[in-house]
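Asker: One structure follows; several queries about it will come next.
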Amino acid sequence: MRAPGSDKGVAAGDVLLAVDNVSLNFGGVKAITDVSFDIRKGEIRAIIGPNGAGKTSMLNVINGFYHPQQGRITYRGETRQKMRPYVAASQGISRTFQNVALFKGMSTLDNIMAGRTLKMRGSFFWQLFRHGPAMREEIEHRKVVEEIIDFLEIQAIRKTPVGKLPYGLQKRVELGRALAMEPDLLLLDEPMAGMNLEEKEDMSRFIIDVNNQYGTTIALIEHDIGVVMDLSDRIVVLEYGRKIADGTPDQVKSDQTVIDAYLGVPH
Amino acid sequence: MNLLYALFVDPWVQMGQAPDLLVQTLWEGLVSGVLYALIALGFVLIFKASGVFNFAQGIMVVFAALTLVGFYEMGVPAFLALALAVGVMFLLAVTVERVVLRPLVNQPDIILFMATFGITYVLIGLGELIFGGNPKRMITEQLYLPKGAVEFKILGGFVSLQKIDIAAAIIAAIMIAVLAFFFQKTRIGRALRAVADSHKAALSVGISLNQIWAIVWFTAGIVALVTGIMWGARSEVSFALQVIALKALPVLILGGFTSVPGAIVGGLIIGIGEKLGEFYWGPLVGGGIESWLAYFIALAFLLFRPQGLFGEKIIERI
Ligand SMILES: Nc1ncnc2c1ncn2[C@@H]1O[C@H](COP(=O)(O)OP(=O)(O)OP(=O)(O)O)[C@@H](O)[C@H]1O
Ligand SMILES: [Mg+2]
C-alpha cells in the first residue's frame, strides 16, 4: 500500500501527467516523434531506451525547458501546449539532471535550502534585518532541510561546498534539493549513473522510500535494467525518439520489439 | 647605472625620507582604489548573474549622477532627487531586463555584449536630451556630505585627508558589507548565487531568471549611483567621467570577473599601486603613466598568479 500523498484533486492511481502526441525537433534532428504516455499518481514510471533515444528531452519537455513543436501536456487535469520551468516548479514538478547541476559554490545546506525558494514568502524587508517573520520562516525551512539531510544520510557534508564532493554524493545532494521542493512529481535523470554498486543500492533505497513514505510520483530514467525492473511500476521504452513499448516490467521484458531494439543489444 | 638607481633605489629612499608623503600617497591611492572597486563590483554583479560583460557600467555611473544633479537643478529637493535617481535606476534595470536581456536570452555572449553598447549610447543620448550635455557640479553640501580637510601630524610631517574622501571610504565599506550580507544571508541573495552557478538548476527550483536579472541590474545601478556621487564630488559630473570604467578593466583582470572579494581587493591594489607609481616613478617616464600603469600592474600580477587574485586554479578536464 502506498501512502496517499498530499492531494490536490488527483487521487492515487489517477493520471497525474499525460503527454499526447508530443514531437520535438532541433533543426533537422528529431529528438521526439509523436510520443504519448501517462504517469499515474503514486507510481514509479521508468523511461528507458538507448543513448539518444530522447529520454532527457522528454523530461525537458515535461518541466518546460524544451517546448515541443507538436502535442499537448496535461498536468493535474490542465492541458498545455508547453510547460514553463517556473510553472512546473510552482506546481510541484521537481527534477535532477543527468550531468548533475548543482550550485557548486554553495554548501550542501544552501543547495537544498535553494529547493525551498518557492515555499519561502517572507518579505524582503524583514530578511535584510534577519528579524521577525523572515527569521521564523528561515528556521522553519531549515528544519525541513535538516530532515531531508537526515533522510539522505548526508549530515557529515552539510557545510561542504558541493563542488568539492565526490560525484556520488553530489547526486545525493541534488536529490535532496529536488525533495526540498516537496514535489508531487519527481523527475530523475539517471540518478545512478557513474555510481558503484553500494551507492546504487543506497540511491535505490532512497527512491523507494520517497515513493513509499511521501507518495511522491516518480519518473525515472535509468540505464541499469536490473534497477529499472526492480523499482518501477510501469516502463516506457523509447528508441530514436519514438515510443516502442509501454507496460509493466514483465510485459516490457517479454516484448519482442524491445528485446530486438534494446535489451538484446549489449552496450 | 644611473637609470637603474633611479628606478629601483631612489623611490624607496624617497619614501623613507618623507614618510608623511608616503602615507598621503597611500591614502589617496586607497580612496581611488575604493572607487575602482565599486565600479568593478558593478561589473562583477552583472557578469556573475547573467554572463553579460556590461560595457554600459561606466555610463551608468555618469547617468545616475547626472539624474541626481539634473533633478536637483530642476528644483527638486536634494534628498527627493536622490530617491528619484534610485527610482530611475530601478526603471532602467527593469527596462534592460525586459527589452534587452529577455529577448536575447540564449544568444551568444558576444551578442549580449554588443547589446550593452546599445545601452551605452541610449543612456548618453537620453542623459544629454533630458539634462543637457554641460558638466555639472555634484550637490555635495545639499546631501550633507562633508567638505574641507582634516590634517594629522604624523611621522614628522603632516597628512591631509579630504573629508569627502573619508566619507567615500566609509560609505563604500558600508555598502560592501550590506551587499555581502544580502548575498550570504537572504533568500534573494541565495537565489542570486544559485543563478550565478547554474541557470538550469536555478530554473528547476523555480527561481525566476528575469526577476534575478532585474534585481542584479538594479543593484549595479545603485552601486553606480553611489560611485557617481563620490567620483562626481571629486571632479564634476560629465560624460568624461565614463572613462573611469576603463579603470575597472585592470581591476577585473586582477580580481577575476566573477569574484566580489577580487573586485574589492583588486580595486585597492590598483588604486594604491597607481598612486605610488605616479608619484615615485612617474617623473622618470615623464608623466602619462596613469593611463597605462593600472594595466601594467594587472598584467605583471597575472604573470605570477594566472588564475587571478581569488580564482581557483582551472585545470581543464580532458
Ligand atoms: N539542446 C539540443 N540541441 C540539439 N539537439 C539536441 C538537444 N538536446 C537533445 N538533442 C538531440 O536529441 C536527441 C535525443 O537526445 P536526449 O538527450 O534526449 O537522449 P537521451 O535518451 O537522454 O540519451 P542518453 O541516454 O545519452 O542520455 C539526440 O540526438 C540529441 O543529440
Ligand atoms: Mg539523457
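Asker: Just to be sure I understand, how many residues within region A:206-245 are away from ligand 1 (no atom under 16 Å from the Cβ) and more than 15 Å from the chain's Cα centre (by Cα)?
Answerer: Number of matching residues: 7.
Asker: Here's a follow-up. Restricting attention to region A:183-200, which residues are more than 16 Å from ligand 1 (Cβ to nearest atom), within 14 Å of another protein chain (Cβ to nearest Cβ) and not charged (D, E, K, R)?
Answerer: A:183, A:185, A:186
Asker: Also, I was wondering about something else. Going by the structure shown, is residue A:52 within 16 Å of ligand 2 (Cβ to nearest atom) and surrounded by fewer than 20 Cβ atoms within 10 Å (Cβ to Cβ)?
Answerer: Against the criterion (within 16 Å of ligand 2 (Cβ to nearest atom) and surrounded by fewer than 20 Cβ atoms within 10 Å (Cβ to Cβ)), residue A:52 qualifies.
Asker: For region B:254-278, what are the residues that are of a type in the set (A, V, I, L, M, F, W, C) and surrounded by fewer than 22 Cβ atoms within 10 Å (Cβ to Cβ)?
Answerer: Within region B:254-278, B:257, B:260, B:265, B:268, B:272, B:276 qualify.
Asker: List the pairs whose first member sits in region A:38-58 and is within 14 Å of chain B (Cβ to nearest Cβ), whose second member is within 8 Å of ligand 2 (Cβ to nearest atom), and whose Cβ atoms are under 6 Å apart, counting only residues at least 6 apart or on separate chains?
Answerer: Within 6 Å, the pairs are A:56/A:98; A:56/A:189.
Asker: Being modelled with pLDDT under 90, part of a helix (DSSP H, G or I) and not basic (Lys, Arg) narrows it down to one residue among B:101, B:84; which is it?
Answerer: Only one candidate passes the filter, namely B:101.
Asker: Can you tell me which residue in region A:63-92 is nearest to the other protein chains (Cβ to nearest Cβ), limited to those that are closer than 23 Å to residue B:191 by Cα and touching a residue at least 24 places away in the same chain (Cβ under 8 Å)?
Answerer: So, considering only residues that are closer than 23 Å to residue B:191 by Cα and touching a residue at least 24 places away in the same chain (Cβ under 8 Å), the one nearest to the other protein chains (Cβ to nearest Cβ) is A:89.
Asker: When region A:93-110 is examined, which residues are found to be more than 16 Å from ligand 1 (Cβ to nearest atom) and either at the interface with another protein chain (Cβ under 8 Å from one of its Cβ atoms) or without any contact (Cβ under 8 Å) to a residue 60 or more places away in the chain (or both)?
Answerer: A:94, A:102, A:103, A:104, A:105, A:106, A:107, A:109, A:110
Asker: While we're here: Going residue by residue through region B:253-269, is there one that turns out to be part of a helix (DSSP H, G or I), within 14 Å of chain A (Cβ to nearest Cβ) and in contact (Cβ under 8 Å) with a residue 60 or more places away in the chain?
Answerer: First, pick out the residues of region B:253-269 that are part of a helix (DSSP H, G or I): B:253-255, B:260-269.
Subset that is within 14 Å of chain A (Cβ to nearest Cβ): B:260-262.
Subsequent filtering for residues that are in contact (Cβ under 8 Å) with a residue 60 or more places away in the chain retains B:260, B:262.
Checked region B:253-269: at least one residue is part of a helix (DSSP H, G or I), within 14 Å of chain A (Cβ to nearest Cβ) and in contact (Cβ under 8 Å) with a residue 60 or more places away in the chain.
Asker: Kindly evaluate residue B:107 against the criterion of being more than 28 Å from residue B:211 (Cβ to Cβ) and assigned by TED's automatic domain parsing to the domain that holds residue B:217.
Answerer: Details: more than 28 Å from residue B:211 (Cβ to Cβ): no; assigned by TED's automatic domain parsing to the domain that holds residue B:217: yes.
No; evaluated as a whole, the condition is false for this residue.
Asker: Select from region A:176-194 the residues that are crowded, with 16+ Cβ neighbours inside 10 Å and within 16 Å of ligand 2 (Cβ to nearest atom) and write down the one among them that is nearest to residue A:93 (Cα to Cα). Working first, answer last.
Answerer: First pass over region A:176-194, keeping only residues crowded, with 16+ Cβ neighbours inside 10 Å: A:176-193.
From what's left, within 16 Å of ligand 2 (Cβ to nearest atom): A:187-193.
Working: A:187: 7, A:188: 11, A:189: 13, A:190: 17, A:191: 16, A:192: 20, A:193: 22 Å.
Restricting to residues being crowded, with 16+ Cβ neighbours inside 10 Å and within 16 Å of ligand 2 (Cβ to nearest atom), the top hit is A:187.
Asker: Could you list, in sequence order, all residues of region B:187-209 that are of a type in the set (Ser, Thr, Tyr) and either more than 7 Å from chain A (Cβ to nearest Cβ) or part of a loop (DSSP other than H, G, I, E, B) (or both)?
Answerer: B:198, B:208
Asker: Quick check on this structure: which one of B:216, B:243 is away from chain A (no Cβ under 14 Å) and more than 20 Å from residue B:96 (Cα to Cα)?
Answerer: Just one listed residue meets the conditions, B:243.
Asker: Another question, then. Considering only region A:27-44, state which residues are away from ligand 2 (no atom under 16 Å from the Cβ) and part of a strand (DSSP E or B).
Answerer: Residues satisfying the conditions are A:33, A:34, A:36, A:37, A:38, A:39, A:40, A:44.
Asker: While we're here: Scan region A:202-211 and give yes if some residue there is within 16 Å of ligand 2 (Cβ to nearest atom), more than 13 Å from every other protein chain (Cβ to nearest Cβ) and not β-branched (Val, Ile, Thr), otherwise no.
Answerer: No, there is no match, as no residue in region A:202-211 is within 16 Å of ligand 2 (Cβ to nearest atom), more than 13 Å from every other protein chain (Cβ to nearest Cβ) and not β-branched (Val, Ile, Thr).
Asker: Checking residue A:24 against (1) within 16 Å of ligand 2 (Cβ to nearest atom); (2) not in a strand (DSSP E or B), which test does it fail?
Answerer: Every condition holds for residue A:24 apart from (2).
The values are calculated or read from the model by the stated rules, or taken from the named source; none is laboratory data. Being a predicted model, the structure only gives us computed values, none of them experimental. Quick reminder, even Gly has a Cβ in these numbers, built from the backbone with ideal geometry, and neighbours come from all protein chains shown.
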